[in-house]
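The values are calculated or read from the model by the stated rules, or taken from the named source; none is laboratory data. Everything quoted here is computed from the prediction, not taken from an experiment. Cβ: placed from backbone, ideal geometry, glycine included. Neighbour counts: every protein chain shown.
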Amino acid sequence: MKSICTLLMITLSLNLLAQITYADIEGRLTISLPEDETSIHIGRNAGINQDPQLELANVLLGYNSGMSMTTGGGNCFFGSFSGVGNTTGSYNTFYGTTSGSDNTIGDFNSFYGHSAGANNISGVENCIFGYQAGYSAESESYNSYFGLKSGRNAIGNENSFFGWSSGSENNGGENSFFGEGSGHNNDGQANCFFGVGAGENNVGTTNCFYGVLAGRDNNQGSNNNYYGFEAGMFGDGGGNNFFGANAGKSSVGTENSFFGHFAGQQNAGEQNSFFGSFSGNSANGNFNTHMGLLSGEKSIGTNNVMIGNASGQNNDGFTNTLMGARSGISNDGNSNTIIGAYSGEENQGDENTMTGYAAGFNNTGDYNSFYGSFSGEGSSGNFNSFVGYGSGQNNQGSVNSFFGYGAGSKNLGVNNNFFGGGAGLMHKQGDRNNFFGSGAGSEDTSGYANNFFGYGAGGNNKNGHQNSAFGNLALINASDRSFNVAVGDSSMYHVGNNLPNP
């Protein structure tokens, strides 16, 4: 039955499959339908092909809306050409011009917006909101798209896309994308991308990217977690965790954990942990732990632990432990333990232990132990033990033990033992000397096989050899004497060079 009613100067043209039972004169239109499943069609050609005898409970409003409907039921189409191609699809809700226009047999879909879900044919249980959202999808199901052009030209099931153009050109399933352009051109599945452009052009799977452009252009990497602006952008590895703006940006390594602004940027290594801004930046080593601003930057070594501002920068060694600001910078050695600011900087030796400010700075020797500020600085010998401020500085000898402030600081000899502040301070070339006590043998330059025990003992000896002095100031004035034995405080105090050697 066709009825035309004028309501408040508005003319309605209704094609009804049931009779209007009541219309009052005050502008209200009341339609009572005899059965719950009776349809309402409003608009030219709306539901024109539906059998009026079927009780399908469709509500169709708009020019050509639901025009091809035959047996589909429980549908609500609003807008010109909305659901125009639907034949048997049921329980769909389409709002907007051409929304769901190609749907034929798909069920339980909700499309809102001009051309939303327009090309869906058989997909079911989709929720699509926005202009051209879900456009071109034909058989995809269980998707939720929210935003202008979200999911446009997308292929895949069980996806959730939120934001302008999010998930457009997507070719994977089980993804969740939030933010403008997030997941655009994605080919992976089971990913979570949050932020403008996050995960754009991704081809990996089971990734979580959070932040503007995080993981953008990720190439084949899977099982990654990126948090921060451009974190993991251009990345190509898998199993990584990057936290911080630009963390892991351009990294191609795998199973790394980077925390901090630019941490691990351009890293090509594997199984590394970097903590701090720029830590591990441009590093290529494996199995390293870097903590601190710039720690391990441009390092290519492996199995290193670096803690402190700029520690291990430009490190090429492996199996080193570096602790302290700038400790181990430009280190080329291996298996070293370096603790203290500037300690071990430019070290080239192996298996050394250096503790203290600038300890072992520029050392080239191996198997040494340096304890104290500047101890072993510039040293090139091997198997030495230096304890005390400046002890063993510039040492070139080997198998020496120096304990005390400045002890053996100019030594070139081997097998020497100097204990005490300033002991062997000026010693250079002699070997097999034992100086015990503050200032003992302090002026000795080339003596050898001397034994000086006590404060200042043999203090002025320069070239003498094979002397033994026991006691404070014993044999203190014998600068070139040899084969002497002095026992007791100040013993042979007046023995000088005026007496011939025996």
- Query: Regarding residue 482, is this residue surrounded by fewer than 19 Cβ atoms within 10 Å (Cβ to Cβ) and closer than 16 Å to residue 413 by Cβ?
  - Reply: no
- Note on the structure: Filtering region 408-426 for residues that are touching a strand residue (DSSP E or B) at 6+ places or on another chain (Cβ under 6 Å) and surrounded by fewer than 24 Cβ atoms within 10 Å (Cβ to Cβ) leaves a count of 2
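Of all residues in region 382-417, count the ones that are small (Gly, Ala, Ser) and outside any loop (DSSP other than H, G, I, E, B).
Restricting attention to region 382-417, the residues satisfying the condition of being small (Gly, Ala, Ser) are 385, 388, 390-392, 397-398, 401, 404, 406-409, 413.
Restricting the remaining residues to those that are outside any loop (DSSP other than H, G, I, E, B) gives 385, 401.
Going through region 382-417 one residue at a time, the tally reaches 2.
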- Query: Do any residues in region 440-451 that are free of Cβ contacts under 8 Å to residues at least 24 places away in the same chain and small (Gly, Ala, Ser) have Cβ atoms under 6 Å from those of residues that are surrounded by 18 or more Cβ atoms within 10 Å (Cβ to Cβ) and assigned to a strand (DSSP E or B), where the two are at least six apart or on different chains, and which pairs are they?
  - Reply: 440/452; 441/435; 441/452
- In region 288-309, which residues are modelled with pLDDT of 95 or more and on the phi > 0 side of the Ramachandran plot? 292, 303, 308
- Note on the structure: If we take region 160-249, then strands (runs of 3 or more DSSP E) inside it with 1 or more residues that are at pLDDT 95 or above, of a type in the set (A, V, I, L, M) and in contact with a Leu (Cβ under 6 Å, 6 or more places away or on another chain) are none
- When you scan region 263-277, how many residues do you find that are surrounded by fewer than 24 Cβ atoms within 10 Å (Cβ to Cβ) and in a loop (DSSP other than H, G, I, E, B)? 5
- Subset of region 195-210, residues closer than 18 Å to residue 165 by Cβ and surrounded by 24 or more Cβ atoms within 10 Å (Cβ to Cβ), comes to 195, 197, 198, 199, 200, 202, 209
